[in-house]
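Next up is a structure, given as structure tokens.
We did not get these values from a lab; they are worked out from the coordinates using the rules stated. These numbers come from a predicted model, not from an experiment. All Cβ positions, even for glycine, are placed from backbone atoms using ideal geometry, and neighbour counts span all protein chains on display.
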Amino acid sequence: MSKAQITVEEYVPGSSLAAVDAKIKEMDDQFKAMMSKFICMVTNDPSAKPPEESALSSPTLKSLCTYMKKCKNIILLCGAGISTSAGVPDFRSPGTGLYDNVQEYLTKYNLSDPTQLFTYEFFKKDPGPYYELCQDVKYPSESIKPTVAHYFMKFLEKKKVLLRVYTQNVDMLERDAGLSDDKFVEVHGSFNSGTCMKCSKTYDRLYLKTAIRNRQVPKCDADGCDGIIKPNIVMFGEPLSQEFYCKSSADVRICDCLIVMGTSLQVNPANAIPSRVPKAIPRLLINREKVCTDPKFHANFGGPLFFFDHPNNKHDIHMAGEIDASIRTLVGMLGWKKEFDSMLKVEMK
């Protein structure tokens, strides 16, 4: 019998509710993991050829901008690269990313891999190193403000062309930029709130920030409880929320343009979104370099995710360089520069 099966014999009258709850959670986690693998498996074209149909006349920015003016359901998929200009380090950039700058933690805590610092199992055993890292990189901080990229999201919402933002970041900058709550999904949660791991009392971002600023591990202040407060972020080893699966499954069906910004697309299941949108719609990558070009990635993912260099490419476009500057270029080509600059003047004063 598989672990996901529940039989009458397992749960006869008198079984503890805790045992039942544990089994339900286990089944829920297994279901989410299964759905993640299923999404990646069924939505990739193993033929390694770009779609024959395209909404664009050619895979160029000029053609894209002409098309975007008619869009109503744009999806943005974002990663850490959109926040680096705000002072938030990303994970994988050589030399500046978090993974390249935690060697002292690996030595101090006898860890073999930097990702261990961000696993749920390690946090449960000892939350100290995680919060120590937050303290050392001064995160979260009031000095971190939304970037041009974040206000571009708000601008698209104002233009009534934004379907949803799927952000893999936990820095809350989409919230701080003023996006409506129903217009973004924090795929990996955020520091906007925290929960006691013992009694489940919830805390707001200010409580977490205060403790971190004072170089303390946040602890519960409920009567008789001294539990550790975990920020409501999704660590390695934790399942994503149902919100991601439910909203993304519906959104990808009606998406008419996908913009991917500042992400290496290394983490499942968010990296499956580009392959789940309608095949003919344009997909714009705004990133310093092209992503998912390693053949090893193709083998794991069922084929190339983008077709930038394919001779028959009709809908994949790459804007290289600094993200905020690229967005300003895009907005200018769309004819929205004056309106966008006016908004930035108010928001970024």
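DSSP loop trypsin sites (Lys or Arg not before Pro) in region 207-247 with at most 16 other Cβ atoms within 10 Å of their Cβ, which ones?
R215
Give, in nm to one decimal, the length gained when the segment between Q266 and M348 is fully stretched (0.36 nm per residue of separation minus the Cα-Cα distance).
26.4 nm
Across region 178-242, how many lysine pairs separated by 8 or more positions, or lying on different chains, have Cα atoms within less than 12 Å?
Value for region 178-242: 5.
List residues of region 229-247, by number, whose backbone nitrogen lies under 16 Å from a label position 7 Å along Cα→C-beta of Y207.
Within reach of a label on Y207: 229-233.
Do any chymotrypsin sites (Phe, Trp or Tyr not before Pro) in region 136-231 lie in a loop, going by DSSP, with at most 16 other beta-carbon atoms within 10 Å of their beta carbon, and if so which?
On the way: sites: Y151, F152, F155, Y166, F184, F191, Y203, Y207; in loops: none.
Listed in order of number, the matching sites amount to none.
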